[in-house]
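> Supplied in structure tokens, the structure appears directly below.
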């Protein structure tokens, strides 16, 4: 009887280990978090942002060690832009403008929501400052509402915004 119990326990343990390993393989992460690009690419709400990052040649920069903070506009945010703007920005001849806009959405360092609410501005990788306004209605970065915060990645954090923000210059 004792050997039957021991064999059953070994079988259950083996099955649990196999299930955990299979879950990690299926997740493709092997216990590691995805980086900023992979996190965005795995969320259909960011397909326009991911296409823009690819067109701008910024994939490697956003996969780097970081840490980085990205204020990520959703597809709906891009849809608010005047008709034809996104398509125009994705053209090779507009790559520099696209890079300028996208790097305006990125801040060096990991700035979590608890830190953002203490700021009045932050310097972006583009070189300009974004304005941060905290009110009872929430947090705004320039004219964009922050709608989701603290999406942790292996190389930083993503905060979701509802409007594409534009550099002033």
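Yes or no, residue by residue, for (1) over 12 Å from the mean Cα position of the chain (by Cα); (2) closer than 18 Å to residue 100 by Cα; (3) touching a residue at least 40 places away in the same chain (Cβ under 8 Å):
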position: 39; (1), (2), (3): no, no, yes
position: 42; (1), (2), (3): no, no, no
position: 47; (1), (2), (3): no, no, no
position: 50; (1), (2), (3): no, yes, no
position: 55; (1), (2), (3): yes, yes, yes
position: 61; (1), (2), (3): yes, yes, no
position: 64; (1), (2), (3): yes, no, yes
position: 73; (1), (2), (3): no, yes, yes
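> Please find, within segment 105-139, the residue that is surrounded by the most Cβ atoms within 10 Å (Cβ to Cβ) out of those that are in contact with a helix residue (DSSP H, G or I) (Cβ under 7 Å, 6 or more places away or on another chain) and in a strand (DSSP E or B).
Of everything passing the filter in segment 105-139, 124 is surrounded by the most Cβ atoms within 10 Å (Cβ to Cβ).
> Same structure, new question: With the checklist (1) surrounded by 14 or more Cβ atoms within 10 Å (Cβ to Cβ); (2) more than 26 Å from residue 121 (Cβ to Cβ) in hand, flag the one item residue 99 doesn't pass.
For residue 99, the exception is condition (2).
> Looking for whichever is more than 19 Å from residue 55 (Cα to Cα) and over 13 Å from the mean Cα position of the chain (by Cα) here; the options are 153, 85, 148, 120. Which one fits?
Going through 153, 85, 148, 120 in turn, just one is more than 19 Å from residue 55 (Cα to Cα) and over 13 Å from the mean Cα position of the chain (by Cα): 120.
> Residues of segment 76-92 being touching a helix residue (DSSP H, G or I) at 6+ places or on another chain (Cβ under 9 Å) and surrounded by fewer than 16 Cβ atoms within 10 Å (Cβ to Cβ), which ones?
76, 79, 85, 88, 91, 92
Read-outs: derived from the displayed coordinates by stated rules, not from any lab. Remember, it's a predicted structure, so these values are computed and weren't measured experimentally. Cβ atoms come from the backbone with ideal geometry, glycine included; neighbour counts cover every protein chain shown.
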